[in-house]
Amino acid sequence: MSTTEAHRRSSLDQLLASKEIAIVCGPGGVGKTTVAAAAGVMAACHHGGRVLVLTVDPARRLADALGLKGLGNTEHRIPLEAFKDAGVSPRGELWAAMLDTQASWDALIERHAPDQRTKDEILANPLYRNISGRFVQSHDYIAVERLFEIHANGDYDLIVVDTPPSRHALDFLDAPKRMADFFSSRLLRWLIVPYRSRLVTMASRPFQQVADRILGTQFLTDISEFFILFQSMHEGFVERAEKVVRLLGDRRTTFVVVSTLESSPLAEAEAFAGELGRRGLHFGAMVLNRTLPDYLRAPEAATVARALADRSEEIAARLDTDPAITAPMLREVAESFLNFSLVARREAEQRDELAHSPEVVASAPVFETDVTNLAGLLALGEAIWE
C-alpha cells in the first residue's frame, strides 16, 4: 500500500476528533449545508462535548433539517427530544446558529468603538443601516469575524461552519485581508481628509460642487462622518483581521470540500481545493455526495444482470405471467442495472483520480427523499463518518 493510500485510510470521525473548526465549502447545489449539519450531528453523538453548526449561507435548510423555526444569530441547542425521536442518545450537545449580518455588525461596532460616544454616533448615522449590509463584502467579513469571536469564547469543542457556494467562499477567505486593506486605502483617506480638515483645495472644489448638486451636501456630510468614525476603529479592525487569518491557517482548523461527481461541480470543487493548497490551508476531507451505491460495482451483480438480459424470455416463460409482457420488462431492468453499473464504475475511477489528495475521501449515496429532519441527517452522517 502506498503512503498516500495509507494516509487516506483516516476517517471523518478521526479528522474532526482532532480539530476545533471545520469549514465546509463546495459548489452550490451539492448538499453542502446538509453535509455540514450531518457532520455536526455525528460529532455531537460520538465525540461528546459541545458542537456548534454555524451557517453563513442565507438558505434556511439547516434550520428546517434540525427542526428549529427561529434559527438566528444566537446559538440554540437542539433539544434531546429531537435525538430521542430519531432513535439516538448523543454523548454531547448540538447547537446551531445562522449568521445575522446586521446584528453581528452592531456587536462588532460595540466591541471595536474606542468610546461610547463613537459607538452611539456610528449606530445613529443615517447611512449605517444601509451601508453595513453591503459594505465591502460585509457578509463575508462578518462571518469570519463571528467565527473568530465564537472560537475565542471557548464555549464549543467543535465548530462546523457552512459557507456560501465556493465562488463566494473565496470571498469568505479573502474578507479579513480586504477589510484591513480598506482601512489603509487611499480611497478612505481621500473620502475623509477634506472633511476632517474642513478645507477643500482648489483642485477638488469642482468635484465637490458637482457632488453637492447630484448627491446633496447632507449626503456627503453623512458619508464622510461615517467613514471618519470607522477610521477611529482602524487599529482594532486590522488587528482582528490578522488574527482571523491566522485562525484559518491554524492546525486546529480544517476544510471539508463537498461535491458531487458531475463534471462541473467536481471541477469547481477541485479548483477550490487547489486554492486551499496554494494558501497553505488544511484540506482535510473531500465528501462526494449523491454517489451510486457500491453494489452496482459488484462483479457478481453484473453477471446476474447479464444473465437476466440474455435469458429474459426463458425466465418469463417460467412465471405465471404473459411472456410477451414480462420478457421485455426483465430485459429492460437488467440493461438499466448494467447502465447504472457502468456509471458507478466511472464514479469510482473519478474518485481515485482526484487531483488533490486530502486526508479523508468520503462518499454519501443518493437518498430516495430529501434530508429534512434529524433522522435523515443521522443517515447521511453514518454514510460519511467511517
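The values are calculated or read from the model by the stated rules, or taken from the named source; none is laboratory data. Please read these numbers as outputs of a predicted model, since none were measured by experiment. We place every Cβ from the backbone using ideal geometry, glycine too, and count neighbours over all the protein chains shown.
Has the stretch 220-243 got at least one residue that is in contact with a helix residue (DSSP H, G or I) (Cβ under 7 Å, 6 or more places away or on another chain), more than 30 Å from Glu349 (Cα to Cα), in a helix (DSSP H, G or I) and modelled with pLDDT of 90 or more?
no
Does Met179 satisfy being at pLDDT below 80 and under 30 Å from the mean Cα position of the chain (by Cα)?
Considered against the rule, which asks whether it is at pLDDT below 80 and under 30 Å from the mean Cα position of the chain (by Cα), Met179 comes out as yes.
Does Thr326 fit the bill of being in contact with an Asp or Glu (Cβ under 6 Å, 6 or more places away or on another chain) and surrounded by 13 or more Cβ atoms within 10 Å (Cβ to Cβ)?
Spelling it out, it is not the case that Thr326 is in contact with an Asp or Glu (Cβ under 6 Å, 6 or more places away or on another chain) and surrounded by 13 or more Cβ atoms within 10 Å (Cβ to Cβ).
Which count do you get for residues in the stretch 67-104 that are buried (at least 19 other Cβ atoms within 10 Å of the Cβ) and farther than 19 Å from Gly48 by Cβ?
Qualifying residue count, the stretch 67-104: 7.
Before we move on, is Ser336 of a type in the set (S, T, N, Q), surrounded by 15 or more Cβ atoms within 10 Å (Cβ to Cβ) and more than 30 Å from Glu81 (Cβ to Cβ)?
Answer is no for this residue.
Go through the residues of the stretch 353-373 one by one and say whether even a single one is in contact with a strand residue (DSSP E or B) (Cβ under 7 Å, 6 or more places away or on another chain) and loosely packed, with under 13 Cβ neighbours inside 10 Å.
Scanning the stretch 353-373 turns up at least one residue that is in contact with a strand residue (DSSP E or B) (Cβ under 7 Å, 6 or more places away or on another chain) and loosely packed, with under 13 Cβ neighbours inside 10 Å.
Just give me the residues in the stretch 269-294 being out of contact with any helix residue (DSSP H, G or I) (no Cβ under 6 Å at 6 or more places or on another chain) and in a helix (DSSP H, G or I), in sequence order.
Ala269, Glu270, Ala271, Ala273, Gly274, Glu275, Leu276, Gly277, Arg278, Asp294
If you take the residues in the stretch 295-304 that are free of Cβ contacts under 8 Å to residues at least 40 places away in the same chain and part of a helix (DSSP H, G or I), which one is nearest to Ser259 (Cα to Cα)? Write out each step before concluding.
Restricting attention to the stretch 295-304, the residues satisfying the condition of being free of Cβ contacts under 8 Å to residues at least 40 places away in the same chain are 295, 298-300, 302-304.
Those still in the list that are part of a helix (DSSP H, G or I) too: 295, 299-300, 302-304.
Details: Tyr295: 21, Pro299: 27, Glu300: 29, Ala302: 27, Thr303: 31, Val304: 32 Å.
Ranking the qualifying residues of the stretch 295-304, first place goes to Tyr295.
Just wondering, is there one or more residues in the stretch 363-381 that are modelled with pLDDT of 90 or more and over 37 Å from the mean Cα position of the chain (by Cα)?
For the stretch 363-381, residues modelled with pLDDT of 90 or more and over 37 Å from the mean Cα position of the chain (by Cα): absent.
Would you mind listing the helices (runs of 4 or more DSSP H) fully within the stretch 67-153 where at least 1 residues are within 26 Å of Thr34 (Cβ to Cβ), at pLDDT 85 or above and out of contact with any Phe, Trp or Tyr (no Cβ under 8 Å at 6 or more places or on another chain)?
On the way: elements: 80-85, 101-112, 116-124, 128-131, 138-153.
In the stretch 67-153, the matching helices (runs of 4 or more DSSP H) lie at 80-85, 138-153.
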